[in-house]
Each structure stands twice: as structure tokens, then as C-alpha cells.
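The values are calculated or read from the model by the stated rules, or taken from the named source; none is laboratory data. Computed from a prediction, not measured in an experiment: that's the story for all the values here. With ideal geometry, Cβ positions are generated from the backbone for all residues, glycine too; neighbour counts draw on all protein chains shown.
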Amino acid sequence: MSAEQTVEGARMPAHTKDIKPGIDWRGRALDRAPFLVACLMLALIVAIYGSLQSGVFTLDELNLDTAAAMTLMLAATGQTIVLLRGGIDLSIGGMISLGTVIAATRFTDDPSTTAFWALTILALGFLIGALNGLLISLLKLQPFLVTLATWSILNGVAMIILPTDGGSVPSWWVGFASAQLLGLTSPVWMLLALLLFWWWFRATRVGITIQASGSNEKSAFLSGVSITRVNILTYGLSGLFAAGAALFLITQTGAGSPTIGKDYILPSVAAAVIGGVSLFGGRGHLAGTLIGAFVLTLIGNLVFVLHVSSYWQPVASGIILLLSVLASSVAEKAARNRVQ
Amino acid sequence: MDLVTVNGLSKRYGGIVALSEAAFSARAGEVHALLGENGAGKSTFIQILSGAVRHDGGSILVDGQDYRPANPDAAQARGIAAVFQELSLIPDLSVEQNIWFRHEPRTLLGTVNRAEMRRRTLALLERYDFPALRPEQELRRLTLAERQIVEIAKGLAKDPRILILDEATSALPAREAEWLLKLTRQLAGEGRLVIFISHRMAEVRAIADRLTIFRNGSTVAAHEAKAVSDDEIVTQMIGRHLDRLYPERMPTMTDRIALKVGNLASGSRLSGVDFSLREGEVLGVGGLQGHGQRELFQALFGATKASGTIELWGKPAAIGNPRQALTGKDGIALVPEDRRGQGLLLTKSVRENLTLSVIKRFTENGLLSRQKEAALVKEMVDFLRIKAGTPEQLAGTLSGGNQQKVIFGKMLLTQARVLLLYDPTRGVDVGTKGEIFQLMRDLAAKGYAILFHSSDMPELVHVADRVLVMRNGRIAATLEGDHISEEEILRAAMLETRAA
């Protein structure tokens, strides 16, 4: 029925100048349903948490929770870019481990040495990511397989550098995470910076091209996009953010760990999916991912204040993930029915 | 001077020659039509021109200078833009983002200047009097016709000197198709070259200054449009080739109706089809690609939702999904279009492929009888003369022709006696083609009823007892006896389409 109306609509003698652009609120809400559901979940979790624990609605709590979530947020930002491209990056686990062990073995009290190695880690992250992108394009392999392989390789290298947890970083590096400006700690400022970055990135040609390549690769190619270049950049950025996550993570742990990275692989995907990023590419926003990261982090807090075994945390995370996926698939169907 | 001159252009895909010795020349300010049957090489030709595919041999001159675009970007840089039949649009971007994709106006920050983009969009749409479009609407919310219009806008946004329109009217309703023809003339009037591909003769007649005819990957002729008749064009498109590929056609049809279809409709591509297929008959389904043949077969097989009635051997049948369609002696079996994707499991053996969907036939008391299975497999391999080392050879290692025979075997083992063959000879070598035609006639003689679609017209002409010609989702003509000829099929499929 509605399809015929649309066709009839196209046949109407109306021309562009006659159209009054009405806003399709319901369509927009359906498009953003997964994101809205994520917001609702976060609100619910915060409400429960706040009713069980005093002092939840304070700046201190915001500072603490953001610091706890920031490593995941950084990793998930890279993952979001890759998902938007229609891929997946498992190697971030390896990159995070490698980043922490390099930092823990190379950072010294001398700021210039430390700065040099920090930049080296970031550059390494980008290069290894770019290599992922190149391999995916050249070998025409599944991103899942290529990044699974590089994850294993990076993990191994991290083990060779530092076989067990250890090493150290200067105290001023650790102090970075609690540095304050206007009552907000640096992680909160980083969160704002991430959103600002995203607002800018998504409006650039590069950002649009990455999204377009995930939405329909063939169409993007026919429009003149170099898919190889897109892959190099996409996975390069993911590696860069993973390296950034490693540098932040050691402000929390104060030491390197050759195995810690694996804890961020699936949560980074989960945070994005909870926030409404499509696994099939082309759709999603970082705001959703960041909310998803908060949801996953606060679940941990909630489990703690409920005084139940901490093993309930992954159970709860899994249930939330399922609910999000369900919500987005229901919304997807509703939206599709509207089009037809 | 000619704007484009093409000589000896060739392109191979593996062993298949898509283009050989194609020639073409066209001037600025003209509408130049490209004509040819499906698979004549038109698509490859424009893919090369637009930079989507690189040619193997021959030369292209644009403005007298060598032209060999490495990608669509390079083609655009030389002023060539294509409006693809297989659209190049991004579903998750808005209409205007699609139109200006990769050419967006930008701010100092490097972000897209939305206000400027909106201004340019409206100016473009107004200049060429575009039908209604909402610049901010997401593309995936649009109908096929609206998308086609966006694709046209996208091509024009590059202000090209050469615009290629590949069957751009086929997705448009009458009013918009009319608009596009007017637009095409306007563009030529602005001094651009428009290369226009359409299967609708009336459209070509209405707007083309000149036309070039392709057949089997080569250029057959180029004409001033006014100096050539429809009949000459059709004859040149088909060419003349006689060979002994086809079996003798013996009438084996009985009066018993195997399949009766009433007012079958599905989506926008299939709008009310009636016909009956008799026992012992090979009924051809022809027409130009994309006029509902695929949808007809899918609807009959139950792969898509459809309305209407279907009777099998006099009994009403509700055919909901492929599994139901498969079962039983009164059922329907299909040789699908995409052999490697839908028909065969390439990493399974010939035996497994043959028996997978009929496993019940070899089970006794819930256990699989290997002997019974082996006997049936042997029978089928012998009957179809499948050239496999052993029945355990992997299907993926067989030649195209033998793979197709395995699919035939799989279909025959279902015991269904109404067979739907969708382009069964596509990608099959000539020798096996002959065997398949013979097999079809043999099956018909045994009382099978066969519905047969081929993208290759001579096959319909030489193998089918009757031919249904489809156009715009309906049956435009039913040809019988001496009336079955390529000319008649093309005429029914192409001419008078504008009246529809």
C-alpha cells in the first residue's frame, strides 16, 4: 500500500521547488532506536545504581566512572570506525598489550624519552593497523581472519618483550588520569575531545567515504573510492586508537601486561553494538558507542554494590547486548515495513 | 572532429571474451544510442569508458588524446560520467550527500559545507527540472525510480562532457521516463555527448541522432538514426547463425495441464501473469532481461511472496517456500539461476549434491541405506552422462557443464514432473548445451512439463514448443509454431513498450 503511494508521489507533477520539507519524526526515531534504547538502559542503570549507593550524582562519580571507562572508550572509538567501514578489528587486543609492555619497559623519568616512546607507540599502532588494512585489501581476506592473525602475532611480541605483568611508568604519567581542570579530570576532557573529534571526522570527506564504503562497497568503488586506501586508513585509525587506549590504560595499572588487551576486544565491539552501530557497516555514531562503554562499565559497579559475585558482570553484559541487538532488529523491521 | 573514437577494443574475463574488436565513434552534441542483445558487450564497453573496468587491447581516443582510465575517478577527471544500471549510490547517505559524494563543498575545517551543498543541490535540480526529490532524505528510504533519478543527478553534478545513460529509463515510470528523454535532448543541446543505452526502440527512435549496434562483443554497424529501419536494426542485433546445436522438435505435448497459473503477481516486477503448461511441453519464457522472468520463476518456486493461483496437475497448490515446492511427485523442481550459489555445494561430492534434498528416499526404518543411495546415484550419473571420476569427486572440481548436469540430476531425483529451468545453459560449453537440449526434449517425451527461460534467444526459438514473451511483468505475447522467431520475440519484447 505505502509503496504504491510512494510511486504515485513520484508521479505527482510537483517539482523540487514545490516541496515543503516536512520532518519524518517517526522515521528518525526508528532510525535512532538502538541509540535511544542505549540511552534508556544507561539511565536505568544509573538510576538503580544511584538508589543503592550515595554520591552517585556527583562530579567525583563522573570523574571516576569516566576514568574507568576511558580505555574501553578509546578502543571502542577505533572499533566504531572499523565497524562503520563494515569490518571488525580483533588486533586491538594485541596492540593494547604491546603498547602497555613497551611503555612499561621504555618509559623513564626523563620526559623527552617518555614522549618519544609514547609517540612511537602511537605511530606503531597506526602502522600495524594500516598493515591490517593493506593485507585485507591485497589478499582479499576477511577482516576477522587477518586481524585475528595480527592479534596473535602482536600478543606474542608483547610476551617476548615482557613475559609477565610488570615494569613501571613514571608517577607523573600515572598522575595524568587524575589531573583536573575546572573540576573535571582529564578523562572527562578526553571524552569531550572524542565527541568533538567525531563531530568533525564524520563531516569530513574522509569520514563520509569510510561510512560509504561500509554502506555499499561496490557503489563506493563505482563512485571513484579507492577501497585499498580506505582500508589502510580505517584500520590505521583503529590501531592508533588502540595505542592510545594502551597509553591511557597504563595510567590506571601503572605497569605493563602482555595479556591485558584481550579484555577489550569483544567489549569494544559490544559497546558499539549496544550504542547502535551496525555490524554490517554504514550506520552508527560514536555517541552511541560511548554510552555503550558507560553501560558496560557501570554494570560492573552495579554488580559490586549489589554484593553478588563479580561473575554476574559478564552475564549481565551479555543480556544487555542481546536486548540491544533485539531492539535494533525490531526497529530495523519497523523501518523497513514503512518503506515498503 | 569526433569527441570519442574507439578502435579494436577488447576485454576478456578469464576464458570468456566480453569484447573483441569493438569500434565506436561519437561527436559532441549528439545523442548516440548503443544497441545489442543481452551479453552483446554494451555493458563491458561502458564499464571501460567509465573507468570501472580496464580494457585488454585496442585504443580509445577522447579529444584525440589517448584515454585509459585507471578508475572511475580518472574517467571523471576527463569529463566522463556514467549513470549505472547497477546503481552507484550509498544507501546510508542522504540524497544530496549521494549527489555530491566525494565532491562536496567544504568549510575551512575540512567539513562538508551543508548550506552550500543544499544550495547547489537545489540549483542542479531546478536547472534540469528534476522530478520531486527531498535532498535530506536517506537514500534507502527511496523507491527504485527515485534512486534512478538521484543517480542521474549524481552524474550531472560532475558537469560531464560525456554522459553515459545505461538503461536509465527502465526503472522509471512513464512520466519520469518522458522527462529523462527531454533531459537527454537538453544535454545534447548544451554540447555534451550522451551515450544512451535502452532496449526500448521507441525511445531510441525518439531521441538518438546516431546508433551503434553490438553483437557478440563486436561492433556490427553504426548508422544515422534516420537512415535505418527497425527491422534492419533487429536483424543486425541478432545476426545470422545456424548450427546443429538443437535437437529435432517432436511434438510430445498432451492435453493434460500440468501447471496452470492465474494472475500471478509479486512486487513491482511481476504484475498478473496467466498461462498453462501442458504435460510433455517445453514452454519458453523470453523477453528482455529484467521484465519479470526471474520473479516469475521465483514466485512459482515459492522463493518470493506472490499472489494469484497455481494449479499443479489440476489441484490447487499453495507453494509457500522452496521445501514445500520440492516435495513429491506432484511437485515443482527448479534449476536456479546462480548455479554455484544456490544450486550446488561446491565443497561436497557429486553424490552428496545429488541426494541431499531427497535423503528420505534412501532411509529405511530411519537408517540411511547406502546401497539404495549408491544405486540411484549411479543411475543418475549414467543417465545424464556426468563426467566425474567417481561419485565422490567434489562438485567444485567439475566443469561448468557437468556441474549443471549434477543440478539436473538433483532436480530429477525429487521426482517432481514440473521442471523450472532458469537459464540452464548459461556458462555451459557448446557440447553440453546440445546434451542439455536433447535431455529437455527427452524429458518432455517422458511426460515432464518444462518451463524454460533462456537469456539466449535462439535457444528459445529452437527448443521450445511455445514461447511466452514477457514485458513489464506481464505476458506481452504467446508465440506458437511458425511464429516463434527471434524477430517476433524481440518485436514483442521491445516495440510499443511506450504504450504500456
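I need the full set of residues from the stretch B:117-139 which are more than 7 Å from chain A (Cβ to nearest Cβ) and touching a residue at least 12 places away in the same chain (Cβ under 8 Å), in order please.
B:MET117, B:ARG118, B:ARG120, B:THR121, B:LEU124, B:TYR128, B:PRO135, B:GLN137, B:GLU138, B:LEU139
Among the residues of the stretch B:350-370, which ones are under 25 Å from B:ASN402 (Cβ atoms) and loosely packed, with under 12 Cβ neighbours inside 10 Å?
Matches in the stretch B:350-370: B:ILE359, B:ARG370.
Taking the stretch B:208-221 as the search range and keeping residues that are modelled with pLDDT of 85 or more and not in a strand (DSSP E or B), which one is farthest from B:LEU3 (Cα to Cα)?
So the residue we want is B:ALA208.
Residues being within 14 Å of chain B (Cβ to nearest Cβ), modelled with pLDDT under 90 and not in a helix (DSSP H, G or I): count how many of those fall in the stretch A:204-260.
5
Give me a count of the residues in the stretch A:294-325 that are more than 19 Å from the chain's Cα centre (by Cα) and at pLDDT 85 or above.
Adding up the residues that qualify gives 2.
Would you pick out the residues in the stretch B:247-280 that are in a loop (DSSP other than H, G, I, E, B) and under 25 Å from the mean Cα position of the chain (by Cα)?
Across the stretch B:247-280, the qualifying residues are B:GLY267, B:SER268, B:ARG269.
Got at least one residue in the stretch A:117-138 being of a type outside the set (Gly, Ala, Ser), modelled with pLDDT under 90 and within 26 Å of A:GLN79 (Cα to Cα)?
yes
Could you check A:PHE304 against (1) farther than 24 Å from A:ILE136 by Cβ; (2) within 14 Å of another protein chain (Cβ to nearest Cβ) and say which number it fails?
Here A:PHE304 meets the rest and fails (2).
Right, B:SER229: among the polar types (S, T, N, Q), touching a strand residue (DSSP E or B) at 6+ places or on another chain (Cβ under 7 Å), surrounded by fewer than 21 Cβ atoms within 10 Å (Cβ to Cβ) and assigned by TED's automatic domain parsing to the domain that holds B:LEU35 or not?
For B:SER229, the condition - among the polar types (S, T, N, Q), touching a strand residue (DSSP E or B) at 6+ places or on another chain (Cβ under 7 Å), surrounded by fewer than 21 Cβ atoms within 10 Å (Cβ to Cβ) and assigned by TED's automatic domain parsing to the domain that holds B:LEU35 - is not met.
Can you say whether B:PHE84 is at the interface with chain A (Cβ under 8 Å from one of its Cβ atoms), touching a helix residue (DSSP H, G or I) at 6+ places or on another chain (Cβ under 7 Å) and farther than 30 Å from B:ASN7 by Cα, as far as the supplied structure shows?
The answer is no for B:PHE84.
From B:SER25, B:SER59, grab the single residue that is over 22 Å from B:HIS223 (Cβ atoms), outside any loop (DSSP other than H, G, I, E, B) and in the same structural domain as B:LEU211 (by TED's automatic domain parsing).
The match here is B:SER59.
On the basis of being more than 21 Å from the chain's Cα centre (by Cα), of a type in the set (S, T, N, Q) and farther than 21 Å from A:LEU249 by Cα, does A:SER137 make the cut?
yes
Evaluate the stretch A:225-237: report whether one residue or more is crowded, with 17+ Cβ neighbours inside 10 Å, of a type in the set (Gly, Ala, Ser) and closer than 30 Å to A:LYS262 by Cβ.
Scanning the stretch A:225-237 turns up at least one residue that is crowded, with 17+ Cβ neighbours inside 10 Å, of a type in the set (Gly, Ala, Ser) and closer than 30 Å to A:LYS262 by Cβ.
List every residue pair whose Cβ atoms sit under 7 Å apart, with the two residues 6 or more apart in sequence or on different chains, where the first one lies in the stretch B:183-207 and is assigned by TED's automatic domain parsing to the domain that holds B:ALA26 and part of a loop (DSSP other than H, G, I, E, B) and the second, anywhere, is crowded, with 16+ Cβ neighbours inside 10 Å and among the hydroxyl-bearing types (Ser, Thr, Tyr).
Within 7 Å, the pairs are B:SER198/B:THR169; B:ARG200/B:THR169; B:ARG200/B:THR497.
Kindly indicate whether A:LEU182 is out of contact with any Phe, Trp or Tyr (no Cβ under 7 Å at 6 or more places or on another chain) and either under 27 Å from A:ILE121 (Cα atoms) or in contact (Cβ under 8 Å) with a residue 24 or more places away in the chain (or both).
no
When the stretch B:55-83 is examined, which residues are found to be under 22 Å from B:GLU21 (Cα atoms) and of a type in the set (Asp, Glu)?
B:ASP56, B:ASP63, B:ASP66
Taking B:ASP456, is it closer than 25 Å to B:ALA299 by Cα, in the same structural domain as B:ILE332 (by TED's automatic domain parsing), crowded, with 23+ Cβ neighbours inside 10 Å and acidic (Asp, Glu)? Let's see the steps before the verdict.
Details: closer than 25 Å to B:ALA299 by Cα: yes; in the same structural domain as B:ILE332 (by TED's automatic domain parsing): yes; crowded, with 23+ Cβ neighbours inside 10 Å: no; acidic (Asp, Glu): yes.
When the stated conditions are applied, B:ASP456 does not pass them.
Would you be able to tell me the number of residues in the stretch B:98-116 that are more than 7 Å from every other protein chain (Cβ to nearest Cβ) and closer than 24 Å to B:GLU176 by Cβ?
Selection size over the stretch B:98-116: 3.
If you go through the stretch B:48-66 one residue at a time, how many are in contact with a Lys or Arg (Cβ under 9 Å, 6 or more places away or on another chain), touching a residue at least 12 places away in the same chain (Cβ under 8 Å) and on the phi < 0 side of the Ramachandran plot?
9
Which residue, of B:GLU126, B:GLU151, B:GLU190, B:GLU136, is within 24 Å of B:LEU288 (Cβ to Cβ) and not hydroxyl-bearing (Ser, Thr, Tyr)?
None of the other options fit; the residue is B:GLU151.
Considering every residue within the stretch B:451-472, establish whether at least one is more than 23 Å from the chain's Cα centre (by Cα) and under 20 Å from B:GLU295 (Cα atoms).
no
Is one or more of the residues making up the stretch B:291-303 in contact (Cβ under 8 Å) with a residue 24 or more places away in the chain, in a loop (DSSP other than H, G, I, E, B), under 23 Å from the mean Cα position of the chain (by Cα) and not assigned by TED's automatic domain parsing to the domain that holds B:PRO316?
Checked against the condition, which is being in contact (Cβ under 8 Å) with a residue 24 or more places away in the chain, in a loop (DSSP other than H, G, I, E, B), under 23 Å from the mean Cα position of the chain (by Cα) and not assigned by TED's automatic domain parsing to the domain that holds B:PRO316, the stretch B:291-303 yields no hits at all.
Give A:ILE153, A:ILE128 a once-over and let me know the one that is surrounded by 18 or more Cβ atoms within 10 Å (Cβ to Cβ) and either farther than 25 Å from A:GLY214 by Cα or β-branched (Val, Ile, Thr) (or both).
Just a single option satisfies the conditions, and that option is A:ILE128.
Among the numbered criteria (1) crowded, with 21+ Cβ neighbours inside 10 Å; (2) at pLDDT 90 or above; (3) charged (D, E, K, R), which one does B:GLU116 miss?
It is condition (1) that B:GLU116 fails.
So, in the stretch B:50-72, of the ones that are within 14 Å of B:LYS158 (Cβ to Cβ) and within 24 Å of the chain's Cα centre (by Cα), which residue ends up surrounded by the most Cβ atoms within 10 Å (Cβ to Cβ)? Break it down into steps so the answer makes sense when it comes.
If we filter the stretch B:50-72 for residues that are within 14 Å of B:LYS158 (Cβ to Cβ), which is where we start, we get B:50-51, B:69, B:72.
Those left that are additionally within 24 Å of the chain's Cα centre (by Cα): B:50-51, B:72.
Working: B:SER50: 26, B:GLY51: 24, B:PRO72: 23.
So, considering only residues that are within 14 Å of B:LYS158 (Cβ to Cβ) and within 24 Å of the chain's Cα centre (by Cα), the one surrounded by the most Cβ atoms within 10 Å (Cβ to Cβ) is B:SER50.
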